[in-house]
Amino acid sequence: WSYLIQKHDATRLHYDFRLELDGVLKSWAVTRGPSLDPRAKRLAIRTEDHPIDYGSFEGTIPEGNYGGGTVMLWDRGTWRPVGDPHRGLEEGKLVFRLDGERLKGRWALVRFKSKEQSRRETWLLIKESDEEADQRRDVTEKFTDSVTSHRNMRSIAENETAV
Ligand code: MN
């Protein structure tokens, strides 16, 4: 199953974390992006499921449209659930392995606030302790270009305006 992250410079910069399940991309908006430090719990707001096709999109969504702003494919690869992913989503604890080009190893998404408590479900994205964990390296600072086109945010934005 595919996994990907789109860095999205919208009203507020965030990283859209997406996992393919049941023919759609289950999605979370991670404001600060992923961290390789198991002590860092990154806020991940559950967002709408997206179509699988959207997972290869990189470019600019015109202002005023839903999700308006520049989108960069920041990571891509595959994921594998640890345990039953449907139950995990339902119960609020999804554990999985990522085999991306940039993110690897064991991760967890843990629900922090349900829809009853908040307008949107709030989850935490957490790196579990393994050989891929790293407390010192900031992975979002290390990789600031696209995993596919190797362009930075500015060049993706400018390319689109020129078309
Ligand atoms: Mn977004």
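Residue check: is residue 52 more than 10 Å from the ligand (Cβ to nearest atom) and among the hydrophobic types (A, V, I, L, M, F, W, C)? Yes; evaluated as a whole, the condition is true for this residue.
Against the test of being open to solvent by 80 Å² or more (accessible area, probe 1.4 Å) and assigned to a strand (DSSP E or B), the options 43, 94, 73, 25 yield a single qualifying residue, 43. Of the residues screened, residue 110 is one that is in a strand (DSSP E or B), over 30 Å from residue 154 (Cβ atoms) and touching a strand residue (DSSP E or B) at 6+ places or on another chain (Cβ under 6 Å). Considered as a group, the residues in the range 117-158 that are β-branched (Val, Ile, Thr) and open to solvent by 40 Å² or more (accessible area, probe 1.4 Å) include one that is farthest from residue 58 (Cα to Cα), and that residue is 144.
Can you find even one residue in the range 112-125 that is out of contact with any helix residue (DSSP H, G or I) (no Cβ under 6 Å at 6 or more places or on another chain), within 16 Å of the ligand (Cβ to nearest atom), closer than 21 Å to residue 41 by Cα and among the basic types (Lys, Arg)? Yes, because at least one residue in the range 112-125 is out of contact with any helix residue (DSSP H, G or I) (no Cβ under 6 Å at 6 or more places or on another chain), within 16 Å of the ligand (Cβ to nearest atom), closer than 21 Å to residue 41 by Cα and among the basic types (Lys, Arg).
Inside the range 1-38, residues that are within 12 Å of the ligand (Cβ to nearest atom), in contact (Cβ under 8 Å) with a residue 60 or more places away in the chain and of a type in the set (S, T, N, Q) make up a count of 1. Considering 93, 127, the condition of being closer than 12 Å to residue 35 by Cα, at pLDDT 95 or above and among the basic types (Lys, Arg) is satisfied by 127 alone.
The values are calculated or read from the model by the stated rules, or taken from the named source; none is laboratory data. This structure is a prediction, so every number in the text was calculated from the model and none was measured. As a convention, Cβ positions derive from the backbone with ideal geometry for all residues, glycine included, and neighbour counts pool all protein chains shown. Accessible surface is based on the protein model in full, side chains and every heavy atom, while ligands, DNA and RNA are left aside. Shrake-Rupley method; radii C 1.70, N 1.55, O 1.52, S 1.80 Å.
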